[in-house]
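*Asks:* Take a look at this one; I'll ask things after.
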């Protein structure tokens, strides 16, 4: 089944494809189909934003669509940046590295032992026939005080996962997928897709 990923981020395509290939999906970026839309994410939850993106791309392509909305939520910041992780600071001059540095700056007064954070991911699968399936995944860890590791993307270099004793940027993609928020969400999604008859048993 050809499924459109509602994203322009090639990192996400690689990461998600490594897991969805087991579903029997042929996952393609929306740009590969000549679709160039920026969905205004007006939701206040990961669920709402994920659904908005999936529906928009499904309508634009006429194909089943998969969208994820994900981010990092820091306990000491009352869950921020949360759904605004990719727009943190609301400064268009900031790239991933700039937003990471901003988060470190905004948490520099947070003492060790109180730097808990979660990566959250909600994935939505929609079809032109009206099927909507959502799955949520999380991974719990804490913020480091400086970036470590060269793998991953986004906030991975400052997200320390205690069972690994490393940040999620210091481990292989295979290790990360086993525990990541996106990997966890995709595993839940796969079970739901199987129940609905969309994925191989």
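The values are calculated or read from the model by the stated rules, or taken from the named source; none is laboratory data. Values in this document were obtained by computation on a predicted structure and should not be read as measured data. Note: ideal-geometry Cβ built from the backbone for every residue, glycine included; neighbour counts use all protein chains shown.
*Asks:* What tally of residues in region 32-56 results from selecting those that are part of a helix (DSSP H, G or I), surrounded by 15 or more Cβ atoms within 10 Å (Cβ to Cβ) and either in contact with a strand residue (DSSP E or B) (Cβ under 7 Å, 6 or more places away or on another chain) or free of Cβ contacts under 8 Å to residues at least 40 places away in the same chain (or both)? Please lay out each step first, then the result.
*Replies:* So in region 32-56, the residues part of a helix (DSSP H, G or I) come out as 32-33, 46-56.
Okay, now just the ones that are also surrounded by 15 or more Cβ atoms within 10 Å (Cβ to Cβ), so 33, 46-56.
Those left that are additionally either in contact with a strand residue (DSSP E or B) (Cβ under 7 Å, 6 or more places away or on another chain) or free of Cβ contacts under 8 Å to residues at least 40 places away in the same chain (or both): 33, 46-55.
Counting residues in region 32-56 that are part of a helix (DSSP H, G or I), surrounded by 15 or more Cβ atoms within 10 Å (Cβ to Cβ) and either in contact with a strand residue (DSSP E or B) (Cβ under 7 Å, 6 or more places away or on another chain) or free of Cβ contacts under 8 Å to residues at least 40 places away in the same chain (or both) gives 11.
*Asks:* Condition check: within 15 Å of the chain's Cα centre (by Cα) and more than 20 Å from residue 135 (Cβ to Cβ). Does residue 8 satisfy that?
*Replies:* The answer is yes for residue 8.
*Asks:* Quick check on this structure: which one of 67, 135, 76, 60 is part of a helix (DSSP H, G or I), under 26 Å from residue 30 (Cβ atoms) and in contact (Cβ under 8 Å) with a residue 12 or more places away in the chain?
*Replies:* From the options 67, 135, 76, 60, the qualifying one is 60.
*Asks:* Within region 14-31, restricting attention to residues that are buried (at least 19 other Cβ atoms within 10 Å of the Cβ), in contact with a strand residue (DSSP E or B) (Cβ under 6 Å, 6 or more places away or on another chain) and part of a helix (DSSP H, G or I), which residue is modelled with the highest pLDDT?
*Replies:* Restricting to residues being buried (at least 19 other Cβ atoms within 10 Å of the Cβ), in contact with a strand residue (DSSP E or B) (Cβ under 6 Å, 6 or more places away or on another chain) and part of a helix (DSSP H, G or I), the top hit is 30.
*Asks:* How many residues does region 189-201 hold that are closer than 17 Å to residue 138 by Cα and surrounded by 18 or more Cβ atoms within 10 Å (Cβ to Cβ)?
*Replies:* Residues in region 189-201 being closer than 17 Å to residue 138 by Cα and surrounded by 18 or more Cβ atoms within 10 Å (Cβ to Cβ): 2 in total.
*Asks:* For the subset of region 64-90 comprising residues that are surrounded by fewer than 19 Cβ atoms within 10 Å (Cβ to Cβ), modelled with pLDDT of 95 or more and touching a helix residue (DSSP H, G or I) at 6+ places or on another chain (Cβ under 9 Å), which member is farthest from residue 180 (Cα to Cα)?
*Replies:* The extreme case among them is 77.
*Asks:* Could you list all residues from region 111-124 that are surrounded by 14 or more Cβ atoms within 10 Å (Cβ to Cβ) and more than 14 Å from the chain's Cα centre (by Cα)?
*Replies:* Across region 111-124, the qualifying residues are 115, 116, 117.
*Asks:* So, of the residues in region 91-100 that are outside any loop (DSSP other than H, G, I, E, B) and surrounded by 15 or more Cβ atoms within 10 Å (Cβ to Cβ), which turns out to be modelled with the lowest pLDDT?
*Replies:* Residue satisfying both the conditions and the ranking: 96.
*Asks:* Between 147, 162, which is over 27 Å from residue 48 (Cα atoms) and either surrounded by fewer than 15 Cβ atoms within 10 Å (Cβ to Cβ) or in contact with a strand residue (DSSP E or B) (Cβ under 7 Å, 6 or more places away or on another chain) (or both)?
*Replies:* Testing whether each residue is over 27 Å from residue 48 (Cα atoms) and either surrounded by fewer than 15 Cβ atoms within 10 Å (Cβ to Cβ) or in contact with a strand residue (DSSP E or B) (Cβ under 7 Å, 6 or more places away or on another chain) (or both) leaves just 162.
*Asks:* In region 146-160, which residue that is under 14 Å from the mean Cα position of the chain (by Cα) and part of a loop (DSSP other than H, G, I, E, B) is modelled with the highest pLDDT?
*Replies:* The qualifying residue modelled with the highest pLDDT is 155.
*Asks:* Just name the residue that is surrounded by the fewest Cβ atoms within 10 Å (Cβ to Cβ) out of those in region 1-13 that are touching a residue at least 40 places away in the same chain (Cβ under 8 Å) and in contact with a strand residue (DSSP E or B) (Cβ under 6 Å, 6 or more places away or on another chain).
*Replies:* Taking the candidates together, the pick is 2.
*Asks:* Kindly provide the set of residues from region 105-139 that are in contact with a strand residue (DSSP E or B) (Cβ under 6 Å, 6 or more places away or on another chain) and under 21 Å from residue 197 (Cα atoms), ordered by number.
*Replies:* Hits for region 105-139 are 122, 123, 124, 125, 126, 132, 133, 134, 135, 136.
*Asks:* How many of the residues in region 161-186 are within 21 Å of residue 69 (Cα to Cα) and in a loop (DSSP other than H, G, I, E, B)?
*Replies:* Here the count works out to 3.
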